[in-house]
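Take a look at the structure set out below.
The values are calculated or read from the model by the stated rules, or taken from the named source; none is laboratory data. From a predicted model like this one, the values you see are computed outputs, not experimental measurements. Note that each Cβ is placed from the backbone with ideal geometry, even for glycine, and that neighbours are counted across all protein chains shown. Quick note on the areas: whole protein, heavy atoms, side chains included, nothing else; ligands and nucleic acids left out. Shrake-Rupley method; radii C 1.70, N 1.55, O 1.52, S 1.80 Å.
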Amino acid sequence: MKVGLLDRMGVIVKSKVNKVLDKFEDPRETLDYSYQKQLEALQKVKRGVAEVATSKKRLELQRARLEQSINKLDSQAREALELNREDLARVALQRKKQLELEIEGLNQQIAELKAEQDKLSAAEKRLAAKVEAFRTKKELIKAQYSAAEAQVKINEAVGGISEEMSDVGMAIQRAEAKTENMRARAAALDELVETGTLEDLTVSAGGKDEIERELSQMKGESEVELELEKLKQEVGVKK
């Protein structure tokens, strides 16, 4: 039971760690890092090819010097025989033979180094092709990731704007409702003032409205009296 519990805890911890790492990992940086490592491996192979080629060239130069020495000893042997110095000619030919044996050994080593150089050169070309293919793929994936990342940011921004516009819309609705209520209230007050139910304080300020009503009443009474006298005259009513 304890072992099973520890295993489950280990799995949970690993999953949590993976989630954290995944959150902070930028695949573009990971791809660039992998590409850099491949370039370093390719450089090592190139250095290996260069080292083998240098070693082969060094042996080839040594062989060339031995060949020059052989040619010189051959000339010396001929010259010694012409001078009736067979002993010297024999010594020269013995040295020549030793150098020829050395050249045979060098030829074998040079052949082995050449085979190794060819092998490494072929490996270098294959690796270089793979690295270049990876670079192309890497740049494509990075471009796709950057485009997707930009799209996500745009969508998040649009989502934020939509939420803000929703709040603004509700605020506008509330403002419009309050405005309509204020208009209705103002219209109702105007109606009450016009019907006399509610006194217009702006008009009655300073007592002007009462005076005007009294003057109008007196004027009306005077007109009634004049009209009455006129009727009396028409019908011949005596005073």
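Observations, loosely collected:
- Met182 contributes about 120 Å² of solvent-accessible surface, heavy atoms of the protein only, 1.4 Å probe.
- Segment 40-105 - percent of accessible surface contributed by carbon and sulfur, probe 1.4 Å: 48 percent
- Within the full protein context, the accessible area of Thr179 is estimated at about 60 Å² for a probe radius of 1.4 Å.
- Taking 0.36 nm per residue of separation and subtracting the Cα-Cα distance, full extension of the segment from Leu231 to Asn155 would add 18.2 nm.
- Nearest-0.05 FRET efficiency for Ala129 and Glu104, computed from C-beta distance (R0 45 Å): 0.75
- The residues Lys178, Lys138, Lys96, sorted by heavy-atom accessible surface at 1.4 Å with ligands and nucleic acids left out, run Lys178, Lys96, Lys138 from largest to smallest.
- Area accessible to solvent at Val45, 1.4 Å probe radius, in Å²: 40 Å²
- Pairs of lysine residues in segment 52-155 that meet both criteria, 8 or more places apart or on different chains and Cα atoms under 28 Å apart, total 29.
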